Amino acid sequence: MNSNKDFSQGSVWKNILQLAIPMTLAQLINVLYNIIDRIYIGHIDGASSEALTGVGLTLPIITIITAFTNLFGTGGAPLFSMARGAGDEKRAEKIMGNSFLLLMICGAVLAISCLLLKRPLLYLFGASDVSYPYANAYLSVYLLGTIPVMISVGMNSYINAQGFGITGMLTVSIGAVLNLILDPIFIFGLQMGVTGAALATVISQTVSAIWVLVFLFSKKTPIPLRRHMLHPEAGLIKEISTLGFAGFIMQFTNGAVQIACNAMLQNYGGDLYVSIMTVLSSVREIVNLPVNGLSNAAQPVISFNYGAKHYGRVKSAIRFMSVVGIVFMLLIWLCLTLFPGFFIHLFSSDADLLEKGVSSMHLYFFGIFMMALQFSGQSTFTALGKSKQAIFFSIFRKIVIVVPLTLLLPGVFGLGTAGVFIAEPISNFVGGSACFITMILTVWRKLPADNQKKSYCKQ
């Protein structure tokens, strides 16, 4: 291997940053696929609030698609990195081939199922007769691009896992720039509205998927995607799904939270508050990106050094990821507290939304720096193959804390819509602390020094 692809060599923090910077930019650009849609849709004359509400109602389904992408994409990538670190390239090839096959099959099943069930699902998620036409128009087109979306995101993990961070960034950069160009043409120029926004996203994601496949099948890749490795192996599928289940649960439970939030906000505040939640969710996607990118970049470094038995480097990677993440999120919290109107105005110029959105933002993002602990603990568990712990804390924060509080707090002391927004910071403090402390006690303290010959036993 070239030294820049061997994570057991050189400075640990430099290895992480070499991946984190392009990966974060790539994730930012990837998020912009949908964020750009919401920004343009939120400024449609005469129907901005209703259209934004409609698109917000599709987010749980989009999140569920992302959850299955994590199940088979990010689930296989740490195993792939461990195999590389151990020098077992044949196993690495098989892992990548099985992930690709699973993404293809799952994408087809999800697209067909959601198209058949979209009407009852959207009304279940909080649609009204006013917002449903917008949600239906957007989702009907978006679902046609399910397979390209899953390939471009899921298989890009294998580009990053081999150290090609810039190439991984280009995967989403190409599509995002195309989406940025096509959105105003389709939405305003051709007057296609939300349908045009979805069509621009599908075309852009398809181009990104083609880029990924061309690179992975090429001879430039140290471990390429080979056709003869596209055969399912029950053992590998089980390993990939087990490890990826943590990322799946994290995203799937995000979808459950979105459903609960939209339903309660529709009940206590109507379409306006569903629009506010759409804006806040969009802002959260943006501000979480750097720490999410940092933790994702640390994963292949941690996995590789764990596979190579360089446990001191594993600890260094965890330490760097955690400290930088907390400091950055503290700065983000300060910005959101001081300039809430700026972030809201990016997505809408509606006076009522701006007025009521500021107080909602202060509640929703209170103490957001605690999410850095959740990211660090979750990423460490995933990188070291600790699937049970990773899955538990994904469920704990969202299903055990957020969803019940979202359903209960609005009816307590007349909190109403404020109760929905308060549930998030409570989960950040309780869930983030529990995840990080458990990681320190069960993983960090048990990692032996590099000069110890004993193996680190999986829990």
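Could you look through region 251-286, keep only residues that are among the aliphatic types (A, V, I, L, M) and within 14 Å of Ser348 (Cα to Cα), and pick out the one that is surrounded by the fewest Cβ atoms within 10 Å (Cβ to Cβ)?
Leu272
If you take just the helices (runs of 4 or more DSSP H) that sit entirely in region 74-163, which of them hold at least 2 residues that are aliphatic (A, V, I, L, M) and closer than 18 Å to Gly235 by Cα?
Where helices (runs of 4 or more DSSP H) fall fully within region 74-163 and carry at least 2 residues being aliphatic (A, V, I, L, M) and closer than 18 Å to Gly235 by Cα, they are 76-85, 89-124.
Can you tell me how many residues within region 11-64 are open to solvent by 10 Å² or more (accessible area, probe 1.4 Å), among the β-branched types (Val, Ile, Thr), modelled with pLDDT of 75 or more and within 19 Å of Asn254 (Cβ to Cβ)?
Number of matching residues: 3.
Which number in (1) at pLDDT below 85; (2) over 30 Å from Phe421 (Cα atoms); (3) not aromatic (Phe, Trp, Tyr) marks the one condition that Ile249 misses?
All conditions are met except number (2).
I'd like the full set of residues that are open to solvent by 40 Å² or more (accessible area, probe 1.4 Å) and either modelled with pLDDT of 80 or more or in contact with a strand residue (DSSP E or B) (Cβ under 7 Å, 6 or more places away or on another chain) (or both), limited to region 65-87.
Scanning region 65-87 gives Thr66, Phe68.
Please enumerate the residues belonging to region 196-224 that are over 24 Å from Ile95 (Cβ atoms) and more than 22 Å from the chain's Cα centre (by Cα).
Gly196
Filter region 129-144 for residues that are crowded, with 23+ Cβ neighbours inside 10 Å and not aliphatic (A, V, I, L, M); which is nearest to Cys106 (Cα to Cα)?
So the residue we want is Tyr142.
So, Ser113, is that one free of Cβ contacts under 8 Å to residues at least 24 places away in the same chain, closer than 26 Å to Ile210 by Cβ, open to solvent by 20 Å² or more (accessible area, probe 1.4 Å) and out of contact with any strand residue (DSSP E or B) (no Cβ under 8 Å at 6 or more places or on another chain) or not?
Criteria met by Ser113.
Being open to solvent by 60 Å² or more (accessible area, probe 1.4 Å), at pLDDT below 80 and hydrophobic (A, V, I, L, M, F, W, C) narrows it down to one of Ile210, Ile203, Ile166, so name that one.
None of the other options fit; the residue is Ile166.
Confirm whether Ile151 is surrounded by fewer than 23 Cβ atoms within 10 Å (Cβ to Cβ) and aliphatic (A, V, I, L, M).
In short, no.
Could you tell me whether any residue of region 388-408 is closer than 30 Å to Tyr311 by Cα, among the basic types (Lys, Arg) and surrounded by 21 or more Cβ atoms within 10 Å (Cβ to Cβ)?
Checked region 388-408: at least one residue is closer than 30 Å to Tyr311 by Cα, among the basic types (Lys, Arg) and surrounded by 21 or more Cβ atoms within 10 Å (Cβ to Cβ).
So, in region 213-250, of the ones that are polar (S, T, N, Q) and open to solvent by 20 Å² or more (accessible area, probe 1.4 Å), which residue ends up farthest from Lys386 (Cα to Cα)?
Taking the candidates together, the pick is Ser218.
Are any residues in region 103-139 more than 16 Å from Val149 (Cβ to Cβ) and hydroxyl-bearing (Ser, Thr, Tyr), and if so, which ones?
Of everything in region 103-139, those that are more than 16 Å from Val149 (Cβ to Cβ) and hydroxyl-bearing (Ser, Thr, Tyr) turn out to be Tyr123, Ser128, Ser131, Tyr132, Tyr134.
Answer with yes or no whether Lys309 is over 25 Å from Gly42 (Cα atoms), in a loop (DSSP other than H, G, I, E, B) and of a type in the set (D, E, K, R).
yes
Could you tell me whether Ile318 is surrounded by fewer than 21 Cβ atoms within 10 Å (Cβ to Cβ), aliphatic (A, V, I, L, M), modelled with pLDDT of 85 or more and part of a helix (DSSP H, G or I)?
Taking the combined requirement at face value, the residue does not satisfy it.
With (1) within 30 Å of Met277 (Cα to Cα); (2) at pLDDT 85 or above as the list, and Ile105 as the residue in question, which single condition is left unmet?
It fails just one condition, (1).
Only residues that are of a type in the set (Ser, Thr, Tyr) and closer than 19 Å to Phe392 by Cα: list them for region 416-446, please.
Ser427, Ser433, Thr438, Thr442
What single numbered condition from (1) of a type in the set (Ser, Thr, Tyr); (2) open to solvent by 60 Å² or more (accessible area, probe 1.4 Å); (3) under 18 Å from the mean Cα position of the chain (by Cα) fails to hold for Ser349?
The number of the failed condition is (3).
Counting only residues that are under 21 Å from Met370 (Cα atoms) and over 21 Å from the mean Cα position of the chain (by Cα), which one in region 332-346 is least open to solvent (accessible area, probe 1.4 Å)?
Checking each candidate, the answer is Pro340.
How many residues are within 25 Å of Asn160 (Cα to Cα) and touching a Leu at 6+ places or on another chain (Cβ under 9 Å) when one looks only at region 283-295?
Number of matching residues: 6.
Residue check: is Ile326 in a helix (DSSP H, G or I), within 21 Å of the chain's Cα centre (by Cα) and farther than 21 Å from Pro60 by Cα?
Yes.
The values are calculated or read from the model by the stated rules, or taken from the named source; none is laboratory data. Since this is a predicted model, take the numbers as computed values, not measurements. No Cβ is skipped: glycine too gets one built from the backbone with ideal geometry, and neighbour counts run over all protein chains shown. Protein only, heavy atoms only, side chains kept; ligands, DNA and RNA dropped before computing areas. Shrake-Rupley method; radii C 1.70, N 1.55, O 1.52, S 1.80 Å.
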